[in-house]
1. Go through segment A:231-251 and give me each residue that's buried (at least 24 other Cβ atoms within 10 Å of the Cβ) and hydrophobic (A, V, I, L, M, F, W, C).
2. What do you reckon, is A:HIS39 farther than 16 Å from A:GLU309 by Cα, more than 8 Å from chain B (Cβ to nearest Cβ), buried (at least 21 other Cβ atoms within 10 Å of the Cβ) and not polar (S, T, N, Q)?
3. How about segment B:299-355: which of its residues are farther than 30 Å from A:CYS34 by Cα and touching an Asp or Glu at 6+ places or on another chain (Cβ under 8 Å)?
4. I'd like the residue in segment A:146-180 that is out of contact with any Ser or Thr (no Cβ under 8 Å at 6 or more places or on another chain) and in a strand (DSSP E or B) and, out of all such residues, is farthest from A:ARG288 (Cα to Cα).
5. Might you let me know whether segment B:325-334 holds any residue that is in contact with a strand residue (DSSP E or B) (Cβ under 6 Å, 6 or more places away or on another chain), touching a residue at least 60 places away in the same chain (Cβ under 8 Å), among the small types (Gly, Ala, Ser) and more than 28 Å from A:TYR7 (Cα to Cα)?
6. Given segment A:54-143, what strands (runs of 3 or more DSSP E) lie entirely inside it while holding 3 or more residues that are within 14 Å of another protein chain (Cβ to nearest Cβ) and in contact with an Asp or Glu (Cβ under 6 Å, 6 or more places away or on another chain)?
7. Could you tell me whether segment B:293-304 includes any residue that is assigned to a loop (DSSP other than H, G, I, E, B), of a type in the set (Phe, Trp, Tyr) and at pLDDT 95 or above?
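The values are calculated or read from the model by the stated rules, or taken from the named source; none is laboratory data. Note that the structure is predicted; figures quoted are calculated from it, not measured. Cβ atoms come from the backbone with ideal geometry, glycine included; neighbour counts cover every protein chain shown.
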Amino acid sequence: MRFVDEYRDKDSAARFADLLQRITTRPWTIMEICGGQTHTIVKYGIESLLPPAITLVHGPGCPVCVTPLEMIDKAIAIASQPDVILTSFGDMLRVPGSQKDLLTVKAEMGNVRMVYSPLDALKIAQENPKKRVVFFGVGFETTAPANAMAVWQARRMGVKNFSLLCSHVLVPPAMEAILSSPSNHVQGFLAAGHVCAIMGYEEYIPLASRYAIPIVVTGFEPLDLLQGIAMTVKQLEEGRHEVENQYTRAVRKEGNVRARRLLQEVFTVSDRAWRGIGIIPSSGFELREEYAAFDAARVFEVGTIAAQESPLCIAGQILQGWKKPYDCSAFGHQCTPEHPLGAPMVSSEGSCAAYYHYRRRQGTPAATP
Amino acid sequence: MTKPPPVDFGAGLNCPIPLTDYPSVLLAHGGGGRLTQQLIQKMFVSQFANEVLEPLHDGAVFALDGANLAFSTDSYVVDPVFFPGGDIGALAVNGTVNDLAMCGARPVHLSAGFIIEEGLPMNDLWRIVVSMHNAAQEAGVRIVTGDTKVVEKGKGDRIFINTSGIGTILPGIKIHPRNARPGDKILVNGPIAVHGIAIMSVREGLGFDSAIESDTAPLNGIVATLLAAGEKVHVLRDPTRGGVASSLNEIAESSHVGILLTEESIPLTEEVRGACELLGLDPLYVANEGKFLAFVSPEGADDILARMREHPLGRNAAVIGEVTAGHPGTVLMKSRIGGTRVVDMLSGEQLPRIC
Amino acid sequence: MCLAIPGKVLSIDQGGTPLMADVSFGGISKKVCLEWLPDVREGEYVIVHVGFAISKVDEEEALETLRLFQEIGDFEEGDMKPPDGPAPKDGE
């Protein structure tokens, strides 16, 4: 596949591994804050190509993992109503709420449907005029414009039985929350390439400066990750802290202007609760007043939901990079992908699931070339 | 014969699957991964317990009055019933034929049981039956007995088919999931993940345009050419639900060996790759139909690979990995770029993702 | 977040709202929304996420990145950073 295969070349990967051995003189801790990048790193065994001095930490880059428990419970409550069809991306279906997950609701009631695109959800609404169709819209800034488009279209075409249950989160406030924490030991960031394809990377410049930390906008193929890591390490070794763009074939400084305009029209920035972390100010999107009729949170009265997290789950600490999954007492015992206690064990690029599936035990083969 | 005492489930204490975890059966229990294994082990094997069942190979293998026989059963609940490249009828025939072939048996007779939902158009039923006839002819088997039930509308999902089959095993053939040995090469007869993606391409909400057709096919012909190599073939398995990864994990565990795959040697067509990349699916976990894995002794591997490639169903056969003595029970894969990772058993169903 | 892959624009449905196109990914194709990249032409590549084209693949930059991969050995002497791209156009 063009523009994919070339970035998975073995010889180039070996050259990067060599290079990193040569230029790394001190231990560095680098965080990536995108589930897609976590996935690539673990799937291709990239950590086994890095010198031991480099520690890769996975941040709260999985929107599925950080969607608050109350939100999942709300989606489940909505889906449990007989005149509703709840549509969702595949990722959300297995994440546990307080009692059960959406897949269980699907098994019990049959009115939960998986879609690839928010426009598919809108189509389902048009084809089922007697049902109320809700789209469970999660995601970072990459997905927000797509969800915005569905709502914008619904309003334009008068599809009154469609609504969006919105759980959008933004990357820069999360980075700031991590960097400003006294426990922070992250020294460099890989910024999520596709988020930046939409938003551009201007908003990272003040962050890099204020916290004196290099930030490299990075792509998703293994060579992108290796190049992004190499660029970050080079900055660290040279004492620089700039914003650089590794993913030049897809990211421009100003991002995608039209998509950003749509975001502004449909959404407004709001405070958001991040599962495991708490409320981060101005870190999410909410539908604007003009779109209230399409806001599932307002349309559906589901009452107060007292959400209960498992006391054993340390997802918050893992998401902020303070602990690794195998530091958790429940990892692999009470908490497995078959019965997860928290979101990172369920989502296919949640840290815990990634470690469980691809590495299983600490110190297993990921270290062996 | 005295009746066995009734089992008391009143307190739920005897139910082997903790009711607090799974008070009811989930779709994932049918996904072919860990949950399915758990259900089978804890519910069925623990109750039915006998030495013929215990290996849990694709079919039961046993001697009866001097003849070595294989006996297998499979049920088909696929939705949609008609899909690119096939239908539920072809799957039902080929599926059982293949299960028998995976035991090293020559399939002879099949049964066919139908559970039909009221309202299924007669024309659809006819199409399915004709398809089964054609598949049986191609495989060289006969459908010799059957059963028909009709259930009320809403209780059946159009049609369910069960096929069972019986076959004979030649003396000297010992194909068994416990027979994998360190050094064995692992072969596959062609590109993987085709069937699962063909089904996905017509699934509501996820569909896409493609020319991908299911690879459902009877494998007894191509397997027969391998069996001529006799003892050099140790294990055969057709990776249906759960994909190649699940089958390899099961064999690694049964044989108590490790497996090392090489990502770049796993055959994939461009279209299937495109679909997997688009939906975020790992082809190792996608269902296959007309495909099988063969564990063969290293001395026999080249010859067996050549034989496979001579057969129409094996033109793109390849060696995808080998068996190791290290890390028993675990499947590893060397990635395209050189790093190594664990290829774990699937937990539930693999779902498309956006992340 | 961000499973997005490059696909080739096969044909654009002119005049629709939102703007849609057939995009191929290694031999399979899907309808994709091109509303945010109206200047994209048939034959060009776009990055697609959940059925939407979020960015056009800049082929020159793509080749430049690949070229840098080949020159990794010279990294220590030169600068790793890829050169700035051409002046951004509206809508990209």
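1. Matches in segment A:231-251: A:MET231, A:VAL233, A:ALA250, A:VAL251.
2. The answer is no for A:HIS39.
3. B:GLU322, B:VAL323, B:GLY329
4. Step by step, filter segment A:146-180, then rank; the result is A:PHE162.
5. Within segment B:325-334 (the criterion being in contact with a strand residue (DSSP E or B) (Cβ under 6 Å, 6 or more places away or on another chain), touching a residue at least 60 places away in the same chain (Cβ under 8 Å), among the small types (Gly, Ala, Ser) and more than 28 Å from A:TYR7 (Cα to Cα)), the answer is yes, since at least one residue qualifies.
6. Correct list: empty, since no element meets the threshold.
7. So far as segment B:293-304 goes, no, none of its residues is assigned to a loop (DSSP other than H, G, I, E, B), of a type in the set (Phe, Trp, Tyr) and at pLDDT 95 or above.
For every residue, the table says whether it meets (1) buried (at least 24 other Cβ atoms within 10 Å of the Cβ); (2) under 22 Å from A:ALA75 (Cα atoms); (3) within 14 Å of chain B (Cβ to nearest Cβ); (4) at pLDDT 85 or above.
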| site | (1), (2), (3), (4) |
| --- | --- |
| A:ALA296 | yes, yes, no, yes |
| A:ILE314 | no, no, no, yes |
| A:ALA330 | no, no, no, yes |
| A:ARG361 | no, no, yes, no |
| A:THR368 | no, no, yes, no |
